[in-house]
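Chemist: Take this structure, written in C-alpha cells, and hold onto it; I'll ask about it next.
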Amino acid sequence: QKEVEQDPGPLSVPEGAIVSLNCTYSNSAFQYFMWYRQYSRKGPELLMYTYSSGNKEDGRFTAQVDKSSKYISLFIRDSQPSDSATYLCAMSFNYGGSQGNLIFGKGTKLSVKP
Amino acid sequence: SAVISQKPSRDICQRGTSLTIQCQVDSQVTMMFWYRQQPGQSLTLIATANQGSEATYESGFVIDKFPISRPNLTFSTLTVSNMSPEDSSIYLCSVGVSNQPQHFGDGTRLSIL
C-alpha cells in the first residue's frame with residue numbers, strides 16, 4: 001500500500017461547480033498537510049497548508065483534514081476555467097513541511113469547462 | 001516567498017551524456033532540495049543539498065548518478081550523469097524556510113533520445 005493515494009482523474013466539471021479533491025494516507029504520524037496546484041509546464045505552487053485535523057478556508061478554497069480517517073480534502077467553490085490544473089496533495093511528519101520529507105500523491109488533473 | 005529560478009527550463013539530450021541543472025534563489029535559504037517528477041508518478045525527493053557539505057541522498061539515488069553542489073545559501077546544481085531514456089523526467093528544485101512548506105521552481109523538462 002502506497003503511503004499517499006490520490007485519484008489521478010482526469011476530473012472534468014462545468015464552470016461554477018463545486019469540486020472535491022481527496023487523498024488518503026496510511027501513516028498516522030503525518031502532521032502537516034498541503035495542497036499544491038501545478039499548471040502545465042510550471043512547478044507546484046503551494047495553495048493550502050494545514051496542521052493536524054480541522055478545516056482551513058481561503059477564498060474559494062477549503063482544506064479539510066480528518067486524521068481519524070486518514071483522509072484529506074480540498075474543496076473549490078464556484079470553480080473557474082483558471083482552476084484547470086493538476087492538484088497535488090503532500091504530507092510531512094515535522095518541520096512544517098520545510099524539510100525534505102514531503103510525501104506526495106500522484107496528483108489529480110482537473111479541467112473546468114466554460 | 002522566495003523566488004526560485006531554474007536553468008535550463010527544458011533540454012533534449014543524447015544518451016550517455018550528462019546535464020547540469022542550476023537552481024538560483026533570490027534570498028539566502030537553509031534548506032534546498034532536488035525532486036524528480038516522472039510521468040504518472042509522485043514527486044520523489046532525490047536529495048537534500050547541504051551548504052558546505054555533501055548532499056544527503058534518498059534511498060534509490062546515488063551520488064555518482066546525481067552529483068549535487070551547494071556552494072552557497074542561494075545556489076545549487078544537480079547533474080544527471082550518463083543519461084538513459086529512463087532519466088527523461090521533470091527535475092525540480094525546492095526550498096524550505098522557517099518551518100513553512102517548501103516552494104518549488106518551475107522545473108527542468110529533460111528528454112533523452
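Chemist: Using a 1.4 angstrom probe on heavy atoms only, work out the carbon and sulfur share of the accessible area of chain A in %. Don't skip to the answer; put the middle values down first.
Modeler: Values: 2520 of 5330 Å².
In chain A, the share of accessible area belonging to carbon and sulfur is 47 percent.
Chemist: How far is it, in nm, from the label point at B:Arg15 to the one at A:Ser40 when both lie 7 Å from their Cα along the line to the Cβ?
Modeler: 2.9
Chemist: Describe numerically, in nm with one decimal, the distance between label points set 7 Å from Cα along Cα→Cβ at A:Glu3 and at A:Ser52.
Modeler: Placing both labels 7 Å beyond Cα along the Cβ direction yields 2.2 nm.
Chemist: Each residue of region B:92-100 in order: what ³J(HN,Hα) in whole Hz does its phi give by Karplus 6.51 cos²θ - 1.76 cosθ + 1.60, θ = phi - 60°, with x for Gly and Pro?
Modeler: 10, 9, 9, 10, x, 10, 6, 6, 10
Chemist: Right, next: HN-Hα J couplings of region B:78-88 from phi, Karplus 6.51/-1.76/1.60, θ = phi - 60°, integer Hz, Gly and Pro as x?
Modeler: 10, 10, 9, 9, 6, 5, 10, x, 5, 7, 4
Chemist: Write down the radius of gyration of region A:1-89 and its Dmax, each obtained from C-alpha positions, in Å.
Modeler: Rg and Dmax of region A:1-89, Cα atoms, are 12.9, 37 Å.
Chemist: So with the 1.4 Å probe, I'd like the accessible area per residue for the protein assembly as shown, rounded to whole Å². Display every interim value, and only then the final one.
Modeler: On the way: 10690 Å² over 227 residues.
Roughly 47 Å² per residue, with all protein chains present.
Chemist: If you roll a 1.4 angstrom probe over the protein chains with everything in place, what fraction of the accessible area of region B:39-98 belongs to carbon and sulfur, to the nearest %?
Modeler: Heavy-atom surface of region B:39-98 belonging to carbon and sulfur, 1.4 Å probe: 52 percent.
Chemist: Now for a different question. Run through the DSSP bridge list for chain B and note the antiparallel percent, rounded to the nearest 5.
Modeler: Within chain B, antiparallel bridges account for around 90 percent of the total.
Chemist: Let me ask another. With every atom except the alpha carbons ignored, what do you get for Rg and Dmax of chain B, in angstroms?
Modeler: That works out to 13.2, 41 Å for Rg and Dmax.
Chemist: Under a 5 Å amide H to amide H cut-off, with H placed in plane at 1.01 Å, what residues pair with A:Met48 once short-range neighbours are removed?
Modeler: Under 5 Å from the amide H of A:Met48 lie the amide H atoms of A:Trp35, each far enough along the sequence or on another chain.
Chemist: Show me the GluC sites (Glu not before Pro) within region A:9-63 that DSSP assigns to loop and that have at most 15 other Cβ atoms within 10 Å of their Cβ.
Modeler: Answer by residue number: A:Glu15.
The values are calculated or read from the model by the stated rules, or taken from the named source; none is laboratory data. All values reported here derive from a predicted model rather than from experimental measurement. For neighbour counting, all protein chains shown are included, and Cβ atoms are generated from backbone atoms with ideal geometry for every residue, glycine included. Note: areas computed on protein heavy atoms with side chains; ligands, DNA, RNA excluded. Shrake-Rupley method; radii C 1.70, N 1.55, O 1.52, S 1.80 Å.
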